[in-house]
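Notes for the one structure printed next.
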Amino acid sequence: MRQVYLDYSATTPVKEEVLKEMIPYYTEKFGNPSSLYTIGLEAKDAVDKARAQVAHLIGADPKEVYFTAGGSESDNWVLLSVANALKEKGNHIITSRIEHHAILHTCQALEKLGFDITYLDVEKDGTVNPEALEAAITDKTILVSVMFVNNEIGTIEPIKELAAVAKKHNILFHTDAVQALGNVKIDVKDLGVDFMSMSSHKIYGPKGEGALYIRKGVRIPSLINGGAQEMGKRAGTENLPGIVGFGKAAELAETNIDNHISHCRELRNYLIERVTKEIPDVFVNGPLDQERRHPGNANITFEYIEGESILLLLDSFGIAVSTGSACSSKSLEPSHVLASIGVPDEKIHGTIRFTVGDFTTKDDIDYVIDCLKKVVERLREISSVNSKKGW
Amino acid sequence: MGLYNDTVMDHFMNPRNVGEIEDADGTGVYGSPVCGDMMQVQIKVKDDIITDAKFKTFGCGSAIASSSMATTMIIGKPVEEALEISNKQIINELGGLPAVKVHCSVLADHAIKSAIYDYAQKNGKTYKGLEGFDPDADDDDNEEEK
């Protein structure tokens with residue numbers, strides 16, 4: 001059966017060029033980067049090269065890039081370590097309602113330790129308003145953390161403006177850039193952020209690898225203690241093939257970024273255009289201005305039907321997507337992001353996220369539209385609610 | 001490997017008894033779209049035997065499969081026997097549901113009883129199986145029974 005993967009925001013396949021770079025580091029170049037003999041030094045060189053590749057993608061100095069086991073670790077590291085280091089100064093942290101759970105659940109853990117967290121409301125399209133940030137700052141605020149690009153509705157946040165507000169008040173600023181990396185041009189110097197979380201597997205690199213950018217001059221304690229790896233900031237023998245793969249993926253992301261953005265935008269726009277024209281009772285969530293939206297993201301609500309059912313039927317046609325429906329989550333909670341932008345619960349349940357990527361073709365989208373029409377029509381026939389009866 | 005077993009998938013992919021009965025003898029609606037699932041069950045009754053049942057469901061795969069299975073289980077049964085069907089039996093017939101989806105079978109069970117309750121009300125009938133049954137009871141209260 002035909003397979004169409006439209007969940008690139010969940011994860012991406014490792015590109016052939018990336019895998020090719022990684023393989024020797026599992027076998028003949030397996031040395032420990034901390035060892036002082038030749039294969040150890042070669043491994044160290046490989047880590048340094050990858051560090052330079054990742055740094056280059058974001059306009060950082062290589063010394064400002066620390067490898068971690070992924071985006072979640074990077075997020076945890078910043079929040080927990082800044083909270084711990086600055087707890088004498090203040091106990092207030094500001095974030096937004098639409099962050100990834102790696103941020104939200106870490107904030108909840110900090111609340112239990114006595115920290116005060118402000119969760120900023122967002123505008124209808126998911127934007128965090130810099131004025132709202134300014135208004136939330138108190139003399140106890142020690143950190144602001146706002147995601148660069150929302151993983152569900154694709155909103156690109158005004159990070160430069162938000163960071164400027166934090167800087168004005170001498171407050172550290174972190175951004176979770178997991179969905180932004182490779183999808184938005186990033187220059188950390190221009191943005192003025194102090195910390196930035198990144199992940200490898202969203203940019204056609206391997207899973208289990210990520211990084212944290214820490215601006216030169218900013219010091220935070222380690223999260224993982226032990227050996228002197230990562231300039232003494234992150235202990236544990238390096239995931240050598242993972243780091244090499246992340247580096248190569250970052251290099252490719254930088255080279256391809258213009259093509260990647262225009263390719264994804266074109267297919268995403270085509271998908272949205274056809275769905276909204278050809279399927280009744282649907283609406284798009286998130287920004288409509290493509291400059292303000294993740295290039296591959298389309299988040300669409302199909303009224304009167306439920307997302308897990310849509311997902312399962314699309315899966316039966318070989319199509320992979322994700323949903324904000326409560327019924328598909330283990331917690332049975334509907335998407336907090338869609339709730340934050342004011343989508344009512346019954347409509348959140350019928351929401352599907354499609355994300356296109358480098359390997360998506362126009363033909364794929366045509367196939368998806370064909371199947372989607374059948375799926376939506378079928379589920380609406382079964383549904384106890386419809387456009388005539390209403391909800 | 002799948003989210004659901006083959007029986008559940010079959011009843012989701014090829015649901016039995018989808019639709020509405022124009023001159024239904026009893027209609028039951030249960031659940032809420034806000035919570036992610038709402039079922040409507042309609043029945044035809046002749047000589048105290050359920051001769052037909054149809055459903056319409058807004059909900060996830062297991063909600064649709066539970067409604068489908070529940071309607072097949074009551075067709076041809078005397079009303080009193082249909083009332084004896086529990087959500088546990090629906091789950092058993094489906095070959096099991098994931099723990100977080102058990103409430104879908106509760107919903108189906110409740111929707112069936114609501115349809116029979118409506119029939120009983122309209123026809124001045126009393127059934128032992130409806131004693132203490134409240135068609136408007138909260139979903140969560142029912143879930144305790146599992």
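Against the condition buried (at least 18 other Cβ atoms within 10 Å of the Cβ) and at negative phi, how does A:His105 come out, does it pass? Taking the combined requirement at face value, the residue does not satisfy it. Looking at the range A:204-255, which of its residues are of a type in the set (A, V, I, L, M, F, W, C) and more than 27 Å from A:Ala83 (Cα to Cα)? The answer is A:Leu240, A:Ile243, A:Val244, A:Phe246, A:Ala249, A:Ala250, A:Leu252, A:Ala253.
Mind listing just one residue for me: the one in the range B:50-64 that is part of a helix (DSSP H, G or I) and farther than 16 Å from A:Asn386 by Cβ and, of those, nearest to the other protein chains (Cβ to nearest Cβ)? Residue satisfying both the conditions and the ranking: B:Gly61.
Of the residues making up the range A:376-389, not a single one is more than 9 Å from chain B (Cβ to nearest Cβ), closer than 30 Å to A:Tyr204 by Cβ and modelled with pLDDT of 95 or more.
Criterion applied to A:Asp370, A:Asp358, A:Asp366 was being at pLDDT 95 or above, more than 12 Å from chain B (Cβ to nearest Cβ), closer than 30 Å to A:Leu252 by Cβ and part of a helix (DSSP H, G or I), and the one residue passing it is A:Asp366. Any idea how many residues of the range B:1-28 are within 12 Å of chain A (Cβ to nearest Cβ), out of contact with any helix residue (DSSP H, G or I) (no Cβ under 9 Å at 6 or more places or on another chain) and of a type outside the set (Asp, Glu)? Count: 1. Looking across the range A:336-351 at every residue that is under 14 Å from B:Gly36 (Cα atoms) and not in a helix (DSSP H, G or I), the one that is nearest to the other protein chains (Cβ to nearest Cβ) is identified as A:His349. On the given criteria, is B:Gly76 surrounded by fewer than 20 Cβ atoms within 10 Å (Cβ to Cβ), within 14 Å of another protein chain (Cβ to nearest Cβ), free of Cβ contacts under 8 Å to residues at least 60 places away in the same chain and out of contact with any helix residue (DSSP H, G or I) (no Cβ under 8 Å at 6 or more places or on another chain)? Considered against the rule, which asks whether it is surrounded by fewer than 20 Cβ atoms within 10 Å (Cβ to Cβ), within 14 Å of another protein chain (Cβ to nearest Cβ), free of Cβ contacts under 8 Å to residues at least 60 places away in the same chain and out of contact with any helix residue (DSSP H, G or I) (no Cβ under 8 Å at 6 or more places or on another chain), B:Gly76 comes out as no.
Residues in the range A:299-335 that are surrounded by fewer than 24 Cβ atoms within 10 Å (Cβ to Cβ), touching a Lys or Arg at 6+ places or on another chain (Cβ under 7 Å) and more than 12 Å from every other protein chain (Cβ to nearest Cβ): 4 in all. Restricting the range A:272-323 to residues that are within 24 Å of the chain's Cα centre (by Cα) and basic (Lys, Arg), which is nearest to A:Glu346 (Cα to Cα)? That would be A:Arg293.
Would you confirm whether any residue within the range B:35-49 is modelled with pLDDT under 95, outside any helix (DSSP H, G or I) and at the interface with chain A (Cβ under 9 Å from one of its Cβ atoms)? Among the residues of the range B:35-49, at least one is modelled with pLDDT under 95, outside any helix (DSSP H, G or I) and at the interface with chain A (Cβ under 9 Å from one of its Cβ atoms), which makes the answer yes. Pairs only if they're at least six apart or on different chains, beta carbon under 7 angstrom, first in the range B:84-111 and without any contact (Cβ under 8 Å) to a residue 40 or more places away in the chain, second assigned to a loop (DSSP other than H, G, I, E, B) and surrounded by fewer than 15 Cβ atoms within 10 Å (Cβ to Cβ); list them, first residue then second. Every condition considered, the pairs that remain are B:Val100/A:Lys330; B:Val100/A:Leu332; B:Asp109/B:Ser86.
I'd like to check which strands (runs of 3 or more DSSP E) are fully inside the range A:190-301 and have at least 1 residues that are among the β-branched types (Val, Ile, Thr).
Fully inside the range A:190-301 and qualifying: A:210-214, A:282-285.
Exactly one residue among A:Glu131, A:Glu152 is at pLDDT 95 or above and surrounded by fewer than 19 Cβ atoms within 10 Å (Cβ to Cβ), and that residue is A:Glu131.
The values are calculated or read from the model by the stated rules, or taken from the named source; none is laboratory data. Note that the structure is predicted; figures quoted are calculated from it, not measured. Cβ atoms come from the backbone with ideal geometry, glycine included; neighbour counts cover every protein chain shown.
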